[in-house]
Amino acid sequence: MFNFLKQRKTNKNSPIYLYNTLTRKKDLFEPIKAGKVGMYTCGPTVYGYPHLGNLRTYVFEDILKRTLFYNDYKVNHVMNITDVGHLTNDRDMGEDKVEKEAQKEGKTAWEIAEFYAKAFFDDEKYLNIIKPNIVCRATDNIKEQIKMIQTLEKKGYTYKTSDGIYFDTSKVSDYTKLSGQHLEELKEGARVEINDEKQNHTDFALWKFSPTDSKREMEWSSPYGIGFPGWHLECSAMSIKYLGEQFDIHCGAVDFINLHHTNELAQSESVTGKKPWVKYWIHGGFLNLDGGRKMSKSAGDVLTISNIFLNKGINPLAFRFLTLTTHYRKPMDWSDSSVVSAKNGYENLLSKISNLGNIIGKINSQWKEKFVSSINDDLNMPQAMAVLNEMVKSDILPADKLATALDFDKVLGLKLCEVIQKKVEIPASVLVLVDERETARKGQNWAKSDELRDKIREFGYEVKDTPAGQDIKKL
Ligand SMILES: [Zn+2]
């Protein structure tokens, strides 16, 4: 049933294959520096609660990071917080999302950013997402962004309009290499825009001037005038600041490919002159509402962790569980019944794990190998979950099933250990006797079984036979 990439004893140095948007195929993962991974993930724009569609992306990125950890890589993970500059139209038109929300709620833009950044990290905690090593805010890195514009200006990539400093995309010969789009297609998509001063419809703002007829809360002086940075610039400036001019992985949702990531890529490679800026671009699929509709902002207001899970007394990890049943690149459907499937699926798994008793035995290497083959094959989590289920149904010792499940949970992140009421640390010398006794019991050699029970007692442990297998307690 399972394809093995190759036979191996442990997961150390197992090949990992990841689908790379840049090459449009599954690539063998080879980081720039052996054993170390630099990873940048685009973070939230903090003007509202994240919806389940946003959170699906952060869970996939967490699974990727845990898979790298599981394969013995050290990961330096950097994530930004967009607290300024993301306009209501992604092509640099309209109002600033954070300032607009501040006006609506009667708070300052700084208060809004603080409040929703905290809400975001609360949700990440509910979903057992490991925090990045570095979380950086756009507003804390204005100097770096201005410096980047100055370099681009010196190299001849910029021009000025009445509302800001723009990046000239016609100077970049491989501008669409990430999306693989033809420029003609992009023109089609840009028909609704009204900005006559842009030299090319794909050009984007590096710096926007503050309006003259109203006062912005968040603005800074620059060699170009008072204003604020364009949305795409912060990710280039901060990733280079913390991860260097070239690094391994950049992630986000698929809707970032055509615009945000394409623009980040164009300006970063133009500023450093080094290619590739990022080796592997990994993108996660959407969460679709019933009927295949992409989740909209108004729907997103309802589909939050609080509304769907916490307020109904359901553990949000049920959502994490559900996301693992669809491959991260495929669209995932969401309907009213999804929350019930999520809850039932997760609770069913917890009950299977709790039935395994509380003795943690040995990790089963054969099942581990199947698990590694699945996760290292472009994070095939549906298959990894099938491996977990088959392993639990298999005829290995319950204690070994438990040890193996807990090992898999380093990647799954479903907090399976919380169902074990009491963890018992058993020395290896005793576990050998427990194994031997299991063999004796299977062979109906009751005399040998009793003899081993006495030996185990001499080590200070008492063994009891239960329907789930041997249960062991410290005397
Ligand atoms: Zn970004």
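Where a number appears in this text, it was derived from the coordinates with a stated rule and is not lab data. Since this is a predicted model, take the numbers as computed values, not measurements. Neighbour counts are summed over all protein chains in view; Cβ atoms, including those assigned to glycine, are modelled from backbone coordinates with ideal geometry.
In table form, for the structure just shown:
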quantity: Efficiency of FRET between V254 and I363 - r from beta-carbon atoms, R0 25 angstrom, step 0.05; calculated: 0.10
quantity: Percentage relative contact order, the chain, counting C-alpha pairs under 8 Å, at least six apart; calculated: 17 percent
quantity: Residue-span extension gain [E462 to K312] - 0.36 nm each, minus C-alpha spacing; calculated: 49.8 nm
quantity: Check: region 30-104 dipole with +1 on Lys, Arg Cβ and -1 on Asp, Glu Cβ, in debye; calculated: 320 debye
quantity: Antiparallel DSSP beta bridges within the chain, as percent of all bridges there, nearest 5; calculated: 50 percent
quantity: Of K26/K100; K107/K154; K401/K448; K131/K171; K65/K177, those spanning more than 31 Å from alpha-carbon to alpha-carbon; calculated: K26/K100; K107/K154; K131/K171
quantity: Label-point separation, E245 to D471 (7 Å along Cα→Cβ), nm; calculated: 6.4 nm
quantity: Electrostatic dipole magnitude of region 392-458 [Cβ: Lys, Arg +1; Asp, Glu -1; Cα centre; debye, to 20]; calculated: 180 debye
quantity: Full-stretch length increase - D196, L183 - with 0.36 nm per residue and alpha-carbon distance subtracted; calculated: 2.9 nm
quantity: Cα centroid separation - region 199-270 against region 315-329, whole Å; calculated: 32 Å
quantity: Cα lying deepest toward the dipole's positive end in the chain, options V302, H283, S221, charges on Cβ; calculated: H283
quantity: Test item: Cα-centred dipole of the chain, Lys/Arg +1 and Asp/Glu -1 on Cβ, debye; calculated: 1500 debye
quantity: Farthest positive-ward along the chain dipole, Cα basis, beta-carbon charges - from G273, F209, H182; calculated: G273
quantity: Modelled FRET efficiency - R0 51 Å, M93 with N445, Cβ distances, 0.05 increments; calculated: 0.05
quantity: Nearest 10 degrees, 0 to 90: helix 52-70 Cα axis against the chain principal axis; calculated: 60 degrees
quantity: Shape category assigned to the chain from the gyration tensor of Cα positions, a/c cut at 1.5; calculated: prolate
quantity: Region 247-371, relative contact order [Cα under 8 Å, separation at least 6], %; calculated: 23 percent
quantity: Additional length obtainable on full extension of the chain from S214 to C417, 0.36 nm per residue less Cα span; calculated: 67.6 nm
